[in-house]
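Okay, so here's the structure we're looking at.
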Number of protein chains: 2
Amino acid sequence: MKRIEHHACFGGSQEVWEHASSTLGCSMKFGIYLPKIAIQGERCPVLYWLSGLTCNEQNFITKAGAQRYADDYGLIIVTPDTSPRGDDVPNDPAYDLGQGAGFYLNATQSPWSKHYRMYDYVVDELPVLIEKHFAANEKRSLSGHSMGGHGALTLALRNPKRYCSASAFSPIVAPSQVPWGIKAFTAYLGEDRASWKQYDAVALIHAGHQPPPLLIDQGEADEFLESQLKPELLQEACRVAGYPLEFNRRACYDHSYYFIASLIGEHLKFHAALLK
Amino acid sequence: MKRIEHHACFGGSQEVWEHASSTLGCSMKFGIYLPKIAIQGERCPVLYWLSGLTCNEQNFITKAGAQRYADDYGLIIVTPDTSPRGDDVPNDPAYDLGQGAGFYLNATQSPWSKHYRMYDYVVDELPVLIEKHFAANEKRSLSGHSMGGHGALTLALRNPKRYCSASAFSPIVAPSQVPWGIKAFTAYLGEDRASWKQYDAVALIHAGHQPPPLLIDQGEADEFLESQLKPELLQEACRVAGYPLEFNRRACYDHSYYFIASLIGEHLKFHAALLK
């Protein structure tokens with residue numbers, strides 16, 4: 001494992017590391033923000049941030065301004081890439097399939113199944129690495145944006161004991177019911193929709209999976225709100241199941257990182273309280 | 001003048017506008033952050049942010065996280081591009097000359113002199129536009145990074161009544177004495193070094209120009225500190241001239257936007273107090 005970037009940032013250190021992933025069968029990069037107290041050796045809880053379509057490990061660390069709050073709260077933030085990468089890894093010219101669009105699942109279909117195992121990578125391989133090489137304790141939470149919000153919700157729903165909390169900005173909550181998800185799941189998982197349910201937050205809640213505490217923010221000027229995100233399906237599923245859900249609709253905000261930057265402090269505050 | 005982007009951000013609006021610049025003879029873009037009170041119609045002071053080499057109007061608005069503080073203090077932030085742009089505008093393949101490297105001066109040499117007039121653009125054309133089309137009052141300050149720090153210092157030194165304050169991150173303080181400046185000034189201004197002095201902060205101070213209140217932050221891990229920045233020359237010039245200078249050396253910080261993001265709140269606080 002090799003550190004390829006490091007920058008002092010809000011008293012801590014924003015770093016990027018590269019490593020050979022056995023799960024994904026390729027070289028991967030991830031960002032890690034270490035607050036001051038982690039650099040001094042104190043073991044800190046870890047928030048895993050899952051990015052959206054087209055992103056890599058850079059987008060969140062350069063645009064969200066989360067480091068300020070992470071240092072205040074003593075949180076490590078780990079930002080994996082959104083898919084396996086490299087010339088040997090299958091790809092698709094579209095922005096919503098292949099590299100940059102891993103959907104945080106384990107693919108079962110050719111040609112994707114060899115490398116596209118982001119579910120196992122984020123849930124299993126990455127935390128082992130982080131907890132071994134950095135001053136991280138075993139308290140973990142998840143947050144993400146759009147496709148990464150889908151990742152945060154589904155990983156937390158399926159592993160409620162591994163994660164203390166989950167939050168999302170503008171998440172895809174029901175991928176089985178929207179164009180982005182239907183396209184990706186058909187390619188990665190095949191035509192049998194029964195296999196899709198394990199990666200669909202709304203379907204998981206209907207099936208009785210109980211999440212850790214959840215916070216969701218959704219901008220009302222989001223250009224994908226009606227067609228791809230449909231947060232009302234998650235609200236309804238939580239209502240029927242009797243699960244609490246802190247859900248904020250935010251007037252005027254769109255799908256961009258300007259929205260994330262504006263509210264990330266609230267999300268880190270939410271996670272910090274549950275990670276204590 | 002046409003608005004080509006707008007995003008809700010920290011309660012205000014981050015926008016990008018495009019206009020035909022008569023000074024530069026080309027189409028230009030600039031970013032503008034309007035805090036909540038400006039959107040409601042209250043006239044606000046304006047901080048002009050001047051970016052460094054290779055940047056355009058996007059870098060600061062996506063990476064610095066300044067909007068949070070700007071909304072708190074009721075400041076508009078205007079972020080011009082760093083040079084004239086377009087296929088008709090002369091360019092150079094190097095990153096430190098031509099498009100993306102205007103050095104905030106009025107070029108006198110061929111082929112640059114027709115378009116490269118960033119000094120006049122930032123000092124004269126842009127404020128007229130801003131104060132006419134937005135809820136801006138006539139209080140102005142300057143801040144910038146690296147080449148843009150050079151711009152902020154020299155524009156403020158030459159126009160102390162137009163600007164209430166100036167600040168810089170990692171500025172080029174004596175371009176006549178360092179490789180970036182010597183290369184650019186030779187191309188834009190010619191071999192006669194007497195003409196360089198009007199665009200050199202240290203030379204301007206030696207010539208008796210008195211700045212408005214100045215704040216400078218410089219990272220000690222900055223890879224350009226010794227070769228291109230040489231802040232000690234500015235400190236010495238201010239000491240000799242008897243001008244106050246708030247100068248902070250910051251351990252561990254490098255030349256990146258992570259440094260700017262970490263301290264931009266301090267800079268906006270400094271400007272806000274002087275723009276009241």
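Can you give me the orientation-averaged projected area of the convex hull built on the Cα atoms of the stretch A:35-87, in nm²? The partial results should precede the final answer.
Working: hull surface 17.6 nm².
Averaged projected hull area, Cα only: 4.4 nm².
What's the FRET efficiency of A:Gln58 with B:Met1 using the Cβ-Cβ distance as r and R₀ = 35 Å, to the nearest 0.05?
Computed FRET efficiency for A:Gln58 and B:Met1: 0.60.
For A:His19, which inter-copy label distances result when the label point lies 7 Å beyond Cα on the Cα-to-Cβ vector, reported in nm to one decimal and in ascending order?
In ascending order, 5.1 nm.
May I ask you to report, in nm to one decimal and beginning with the shortest, the distances from A:Pro111 to the same position in the other copies, taking label points 7 Å along Cα-to-Cβ?
So the distances to the same position in the other copies read 4.3 nm.
So what does the Cα-only Debye profile of the stretch B:38-163 read at q = 0.22 Å⁻¹, as log10 I(q)/I(0), no solvent term?
The Cα Debye sum returns log10 ratios of -1.33.
Taking the Kirkwood radius as the inverse of the mean 1/r across Cα pairs, report the Rg/Rh of the stretch B:1-43.
1.08
What accessible surface, in Å², does a 1.4 Å probe find on B:Arg43, ignoring ligands, DNA and RNA and rounding to the nearest 10?
130
Mind checking which of B:Asn248, B:Val128, B:Pro111 is farthest towards the positive end of chain B's charge dipole, using Cβ charges of +1 (Lys, Arg) and -1 (Asp, Glu) about the Cα centre?
B:Val128
Is there a pair in B:Lys36/B:Lys139; A:Lys63/B:Lys183; B:Lys132/B:Lys276; A:Lys230/B:Lys36; B:Lys29/B:Lys63 whose C-alpha atoms are over 25 Å apart, and which pairs would that be?
Beyond 25 Å: A:Lys63/B:Lys183; A:Lys230/B:Lys36.
Ordering A:Trp49, A:Trp17 by how much accessible area each has at a 1.4 Å probe, largest first, what is the list?
A:Trp17, A:Trp49
Could you give the length gained on full extension between B:Lys269 and B:Asp88, defined as 0.36 nm per residue of separation minus the Cα-Cα distance, in nm?
Between B:Lys269 and B:Asp88, full extension yields an extra 61.1 nm.
Quick one: in chain B, whose Cβ comes closest to the B/A rotation axis, and how close in angstrom?
Value returned for chain B: B:Gly65, 2.
What's the local net charge at A:Asn56, with K and R +1, D and E -1, over the other residues with C-beta under 13 Å away?
Summing Lys/Arg as +1 and Asp/Glu as -1 gives -1.
Output, in nm with one decimal and in ascending order, the distances from the A:Gln40 label point to the matching label points of the other copies (7 Å from Cα along Cα-to-Cβ).
4.0
Debye calculation, C-alpha points only, no solvent: report log10 I(q)/I(0) for the protein assembly as shown at q = 0.06, 0.08, 0.12, 0.13 Å⁻¹, in the same order as the q values.
Treating every Cα as an identical point scatterer, log10 I(q)/I(0) equals -0.32, -0.57, -1.12, -1.24.
If you wrap a convex hull around the alpha carbons of the stretch B:129-246, what volume per residue comes out, as a whole number of Å³?
In the stretch B:129-246, the Cα hull volume divided by residue count equals 115 Å³.
Any chance you could tell me what percent of the C-alpha pair distances in chain A go past 35 Å?
For chain A, the fraction of Cα-Cα distances above 35 Å is 10 percent.
How far, in nm, would the chain grow between A:Glu138 and A:Glu246 when pulled straight, counting 0.36 nm per residue and subtracting the alpha carbon separation?
Numbers: separation 108, 0.36 × 108 = 38.88 nm, distance 2.47 nm.
This chain segment gains 36.4 nm when fully extended.
Using helices alone, what [θ] at 222 nm do you get for the protein assembly as shown, with -39,500 (n - 2.57) per DSSP H run of 4 or more residues, divided over all residues and rounded to the nearest 500?
Value at 222 nm, helices only, nearest 500: -8500 deg cm²/dmol.
Let me spell out the model: positive unit charges on the Cβ of Lys and Arg, negative unit charges on the Cβ of Asp and Glu, origin at the Cα centre of the protein assembly as shown. What dipole size does that give, in debye rounded to 20?
The dipole magnitude comes to about 960 debye.
The values are calculated or read from the model by the stated rules, or taken from the named source; none is laboratory data. The structure presented is a predicted model; accordingly, all values stated were derived computationally and were not measured. Here the Cβ is made from the backbone with ideal geometry for all residues, glycine too, and neighbour counts use every protein chain on show. We work out accessible area using only protein heavy atoms, side chains counted, and drop any ligands, DNA or RNA first. Shrake-Rupley method; radii C 1.70, N 1.55, O 1.52, S 1.80 Å.
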